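Asks: Quick one: this structure, given as structure tokens, is what I'll be asking you about.
The values are calculated or read from the model by the stated rules, or taken from the named source; none is laboratory data. Note that the structure is predicted; figures quoted are calculated from it, not measured. Glycine gets a Cβ as well: all are built from the backbone with ideal geometry, and neighbour counts include every protein chain shown.
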Amino acid sequence: MKARILVVEDEEKLRRVIELQLQSLGYEVDQAGTAEDALPRAAAADLILTDLRLPGMDGLGLLEQLRKRAVNAPVIVMTAFGTVEAAVEAMKAGAADFLPKPFSMDHLMTVVEKALEVRSLREENRALRQQLGGRYDFANIIGSSPPMLEILETVRRIAPKTSTVLLQGESGVGKDLVARAIHYQSPRRSRPFVKISCTAIPENLMESELFGYEKGAFTGANVAKPGKFEMADTGTVFLDEIADVPLQAQVKLLRVIQEREFERLGSNRTRQVDVRVIAATNADLRKAIASGAFREDLYYRLNVVPLVIPPLRERRGDIRRLVERFVHKYAEELDSAVSAISEGAMEVLMAHDWPGNVRQLENVIERSVLLCEGTTLEAADIKLDLTSTAQPAALETAFLPDGVTLDEHERNLIREALRRAGGNKSHAARLLGLSRNALRYRLTQMGIES
């Protein structure tokens, strides 16, 4: 559902034009000619657009009353009397943005969309904190084995700081959980936590997603849009699967981490940003550096505080507590009668190698609780996915065929991976156990179109 916007403007013709423009984009619009008329409606608004000069109570007075009433909707102040002093005063009073008249409708829509996007992100973070409660408290990250106790102690020490953190470990070990724990136990806990899944962003969109773009920067850029770093200002950016960031974007990423500044795509204006960076990867970045797929200088900027999270098979002492937590969680979520797990079932779980780590264990417990017909999980109720112990669609690389050179074999493997992946390079890279950048580098070296 589109946002509800309250327009407070004493000039009826302009108020009507703004209302029609907002409605044409699907927004719900309420309107008022005075601050006094607007106040009773403010609580229902997702965004308030107000003139600074109003009959009776002015825009600054309205801002003050909104603050006293704890109205959380962002406020955009517009005025024909735009001066630096007025802008500063409005921003100090709590305005989200300042819009001097005259302005184009396109400019107004850009400012409105940006304010709503920031509000949405903040609301999402606030709701997440309320919903999860203490989930990201260190005490709620399960790990009593020596390797995990060491990790948790390091997290406890670094959380209050601003240093960049590099989380390393296999897929499913809990890098996301540790990243969130660092953020929510830091002074930035009330500010945005923005997760960026680098693997999920197409290469040609990476720069615009990270740093934003201006209107007209490329075909289809009808309005300006802030990037993830801009949206995370004063908070934390979590760069998941950092090894998959293309080399061209790595240069700009290095700059924003090092200098805390960047430009949107299509803009010459340098923007400042205050973010803490946490990165994560299941790839060997040193190998990626050696192959030319990852910048060494970026690696050292990220590797200020390295944390290697061990796989579940190396901390089997944590399995019992994790299982008990997941059984309780899914019995509650699925409204199941399951309240316990037998020792026989626990032995099955303890004996498994868990190539998918904690994520795989959680999925197995959810499935087992869902299908269990009794009140106790028995060994027969544990539904293991035994095929998961092998890599998906793995390619045999152990031995070279007779008369085939290593380069020829590598070329054949890459072609076969691309064939199996239907030409999808990200999928092919996963089949080969490479990062997307490493595969791209090999394709270039071999003269194959990348």
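A quick yes/no check of all residues on (1) surrounded by 22 or more Cβ atoms within 10 Å (Cβ to Cβ); (2) in the same structural domain as residue 366 (by TED's automatic domain parsing); (3) assigned to a helix (DSSP H, G or I):
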residue: 274; (1), (2), (3): no, no, no
residue: 297; (1), (2), (3): no, no, yes
residue: 317; (1), (2), (3): no, yes, yes
residue: 320; (1), (2), (3): no, yes, yes
residue: 324; (1), (2), (3): no, yes, yes
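Asks: Let me ask something else about it. Quick one: is residue 255 surrounded by fewer than 19 Cβ atoms within 10 Å (Cβ to Cβ), outside the structural domain of residue 376 (by TED's automatic domain parsing) and modelled with pLDDT of 90 or more? Lay out the reasoning, then the answer.
Replies: Working: surrounded by fewer than 19 Cβ atoms within 10 Å (Cβ to Cβ): yes; outside the structural domain of residue 376 (by TED's automatic domain parsing): yes; modelled with pLDDT of 90 or more: yes.
So residue 255 passes the test.
Conditions (1) assigned to a loop (DSSP other than H, G, I, E, B); (2) within 15 Å of the chain's Cα centre (by Cα); (3) crowded, with 17+ Cβ neighbours inside 10 Å, marked per residue:
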{"position": "163", "(1), (2), (3)": "yes, no, no"}
{"position": "166", "(1), (2), (3)": "no, no, yes"}
{"position": "172", "(1), (2), (3)": "yes, no, yes"}
{"position": "204", "(1), (2), (3)": "no, no, no"}
{"position": "216", "(1), (2), (3)": "yes, no, no"}
{"position": "219", "(1), (2), (3)": "yes, no, no"}
{"position": "223", "(1), (2), (3)": "yes, no, no"}
{"position": "238", "(1), (2), (3)": "no, yes, yes"}
{"position": "243", "(1), (2), (3)": "no, no, yes"}
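Asks: Further question: Scan the range 414-433 and report the pairs whose first residue is in contact (Cβ under 8 Å) with a residue 60 or more places away in the chain and under 19 Å from residue 200 (Cβ atoms) and whose second residue is in a helix (DSSP H, G or I) and acidic (Asp, Glu), with Cβ atoms within less than 8 Å and a gap of 6+ or a chain change.
Replies: As it stands, the answer is 426/244, since those pairs meet every condition given.
Asks: Please give the number of the condition residue 324 fails out of (1) touching a residue at least 24 places away in the same chain (Cβ under 8 Å); (2) more than 25 Å from the chain's Cα centre (by Cα).
Replies: (1)
Asks: Scan the range 78-122 for residues that are surrounded by fewer than 17 Cβ atoms within 10 Å (Cβ to Cβ), among the hydroxyl-bearing types (Ser, Thr, Tyr) and more than 26 Å from residue 229 (Cβ to Cβ) and jot them down.
Replies: 83, 104
Asks: Being in a loop (DSSP other than H, G, I, E, B) and either modelled with pLDDT under 80 or under 22 Å from the mean Cα position of the chain (by Cα) (or both) is the filter here; which residues of the range 119-161 pass it?
Replies: So the first thing to find is which residues in the range 119-161 are in a loop (DSSP other than H, G, I, E, B), and the list is 133-137, 141-145, 159-161.
Correct list: 133, 134, 135, 136, 137, 141, 142, 143, 144, 159, 160, 161.
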